[in-house]
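Student: Quick one: the structure is below, and I'll ask about it shortly.
The values are calculated or read from the model by the stated rules, or taken from the named source; none is laboratory data. Predicted model only: the values in this text are computed from it and were never measured. Neighbour counts are summed over all protein chains in view; Cβ atoms, including those assigned to glycine, are modelled from backbone coordinates with ideal geometry.
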Amino acid sequence: MKILFTGASSFTGMWFVKELVSAGHEVTAIIRNPYESYSGIRKQRIDQLKPLSRLVFDCSFGSDLFFEVTENEDYWDLFCHHAAEVANYKIPDFNVEEAVRNNTKNIDRLIPLLQKRNCLRILLTGSVFEQGEGTGSDALPAVSAYGLSKTLTSECFKKISQKTGMTLGKFVIPNPFGPYEEERFTYYLMNCWFKGQTAVINTPLYVRDNIPVTLLAKCYRYFTESLFGLSGFQKTNPSWRPESQGEFTKRYAHEMEKRLSIPCSVHLKEQSIFEEPIIRVNTDQIEAKKLGWNEELDWDGIAEYYQRMMNSLV
């Protein structure tokens with residue numbers, strides 16, 4: 001397939017593009033800023049992709065250059081819209097209106113242009129923290145303003161796809177982890193352990209759907225390929241091993257301790273604050289072996305990655 005892809009410099013985006021290319025697909029990835037502006041982990045991701053796919057820099061979704069790239073090809077098989085406005089996504093006053101506007105910029109102009117190039121399918125990335133997604137311990141509200149922006153973005157794409165007859169796939173992401181992730185939960189764990197410290201977990205009772213990003217990428221590629229021959233709205237909510245954050249942390253510690261031969265101690269605090277739903281997980285159980293994914297090799301890869309990264313910081 002010939003694929004136009006947004007959001008390739010993100011954690012999941014990099015892995016999705018790598019998986020698509022490994023399966024023989026041709027990917028053109030638009031990158032929002034100039035190459036020179038990137039540093040740190042995001043630059044490392046871009047450097048991973050440079051030998052594999054065509055990267056167009058300083059090109060944001062809905063911009064003039066984006067449309068120039070789209071128009072300059074005779075055809076596209078699929079448009080993957082993985083990019084989303086995520087800057088300061090955790091702050092209480094995250095601007096939902098602006099985020100939706102950026103996520104859907106010039107969509108009315110894009111759809112007929114894609115159709116003229118024989119592209120009749122769009123794959124949109126969603127989040128389990130959107131309103132109504134997954135399953136959980138409450139009425140499934142949007143978790144945070146960011147979750148609301150993703151909900152409204154999805155509704156915009158659903159409306160225009162129904163109006164134009166485009167096939168719309170939605171791939172709903174739970175809680176991915178793995179190499180080249182931002183400095184979030186699993187990075188915190190590894191940073192503590194390499195420093196000889198105990199990792200303190202403040203929210204051990206939250207039940208989440210932590211999934212290795214390499215497995216998630218295989219699910220993404222499989223869903224991408226399955227869209228051909230289908231019509232209307234299609235959706236998948238891949239789920240691997242829903243469990244409490246406490247149980248996930250202990251399992252992660254066990255896998256890293258036996259590979260790195262360092263103490264991976266954990267302290268689970270008594271959770272008293274519940275600012276998010278206790279349970280929020282995806283619904284479609286993954287058959288990992290059928291996708292050709294090996295769990296032991298994946299844990300090996302995570303350990304090797306953090307070994308290299310932490311050693312480079314010494």
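Student: Kindly evaluate Leu123 against the criterion of being surrounded by fewer than 19 Cβ atoms within 10 Å (Cβ to Cβ) and over 21 Å from Glu97 (Cβ atoms).
Tutor: Against the criterion (surrounded by fewer than 19 Cβ atoms within 10 Å (Cβ to Cβ) and over 21 Å from Glu97 (Cβ atoms)), Leu123 does not qualify.
Student: Okay, moving on. What number of residues within the stretch 219-239 satisfy the criterion of being in a loop (DSSP other than H, G, I, E, B) and either more than 18 Å from Arg121 (Cα to Cα) or not assigned by TED's automatic domain parsing to the domain that holds Thr12 (or both)? Quick ask: steps written out before the conclusion?
Tutor: Here is the first cut: in the stretch 219-239, the residues in a loop (DSSP other than H, G, I, E, B) are 227-232, 237.
If we keep only those that are either more than 18 Å from Arg121 (Cα to Cα) or not assigned by TED's automatic domain parsing to the domain that holds Thr12 (or both) too, we end up with 237.
Adding up the residues that qualify gives 1.
Student: Any residue that is in contact (Cβ under 8 Å) with a residue 40 or more places away in the chain, touching a Cys at 6+ places or on another chain (Cβ under 7 Å) and either surrounded by fewer than 15 Cβ atoms within 10 Å (Cβ to Cβ) or of a type outside the set (S, T, N, Q) (or both) - is there at least one of those in the stretch 5-23?
Tutor: Checked the stretch 5-23: at least one residue is in contact (Cβ under 8 Å) with a residue 40 or more places away in the chain, touching a Cys at 6+ places or on another chain (Cβ under 7 Å) and either surrounded by fewer than 15 Cβ atoms within 10 Å (Cβ to Cβ) or of a type outside the set (S, T, N, Q) (or both).
Student: Considering only strands (runs of 3 or more DSSP E) fully contained in the stretch 1-67, which possess at least 1 residues that are under 18 Å from the mean Cα position of the chain (by Cα)?
Tutor: Of the strands (runs of 3 or more DSSP E) lying wholly inside the stretch 1-67, those with at least 1 residues that are under 18 Å from the mean Cα position of the chain (by Cα) span 2-6, 26-30.
Student: Take the conditions in the same structural domain as Arg109 (by TED's automatic domain parsing), out of contact with any Phe, Trp or Tyr (no Cβ under 6 Å at 6 or more places or on another chain), at pLDDT 95 or above and aliphatic (A, V, I, L, M) and apply them to Leu216. Does it pass?
Tutor: yes
Student: Tell me, yes or no, whether the stretch 236-251 has at least one residue that is within 16 Å of Asp298 (Cβ to Cβ) and without any contact (Cβ under 8 Å) to a residue 24 or more places away in the chain.
Tutor: Looking for residues that are within 16 Å of Asp298 (Cβ to Cβ) and without any contact (Cβ under 8 Å) to a residue 24 or more places away in the chain, one finds at least one in the stretch 236-251, hence yes.
Student: If you take just the helices (runs of 4 or more DSSP H) that sit entirely in the stretch 85-191, which of them hold at least 2 residues that are in contact (Cβ under 8 Å) with a residue 60 or more places away in the chain?
Tutor: Where helices (runs of 4 or more DSSP H) fall fully within the stretch 85-191 and carry at least 2 residues being in contact (Cβ under 8 Å) with a residue 60 or more places away in the chain, they are 144-164.
Student: Can you pull out the residues in the stretch 270-289 that are exposed (fewer than 13 other Cβ atoms within 10 Å of the Cβ) and part of a loop (DSSP other than H, G, I, E, B)?
Tutor: Glu270, Ser272, Ile273, Phe274, Glu275, Glu287 - these are the residues of the stretch 270-289 that are exposed (fewer than 13 other Cβ atoms within 10 Å of the Cβ) and part of a loop (DSSP other than H, G, I, E, B).
Student: Which is touching a helix residue (DSSP H, G or I) at 6+ places or on another chain (Cβ under 8 Å) and surrounded by fewer than 20 Cβ atoms within 10 Å (Cβ to Cβ), of Thr186, Thr249, Thr167?
Tutor: Checking each option against the conditions leaves just Thr167.
Student: Which numbered condition trips up Arg208, out of (1) on the phi < 0 side of the Ramachandran plot; (2) surrounded by fewer than 21 Cβ atoms within 10 Å (Cβ to Cβ)?
Tutor: Unmet for Arg208, out of (1) on the phi < 0 side of the Ramachandran plot; (2) surrounded by fewer than 21 Cβ atoms within 10 Å (Cβ to Cβ): (2).
Student: Just need a number here: residues in the stretch 33-49 that are in contact with a Phe, Trp or Tyr (Cβ under 9 Å, 6 or more places away or on another chain) and crowded, with 20+ Cβ neighbours inside 10 Å.
Tutor: The qualifying residues number 1.
Student: If only one of Gln271, Gln307 is within 27 Å of Thr135 (Cα to Cα), of a type outside the set (Lys, Arg) and either in contact (Cβ under 8 Å) with a residue 24 or more places away in the chain or out of contact with any Phe, Trp or Tyr (no Cβ under 9 Å at 6 or more places or on another chain) (or both), which one is it?
Tutor: Exactly one of Gln271, Gln307 is within 27 Å of Thr135 (Cα to Cα), of a type outside the set (Lys, Arg) and either in contact (Cβ under 8 Å) with a residue 24 or more places away in the chain or out of contact with any Phe, Trp or Tyr (no Cβ under 9 Å at 6 or more places or on another chain) (or both), namely Gln271.
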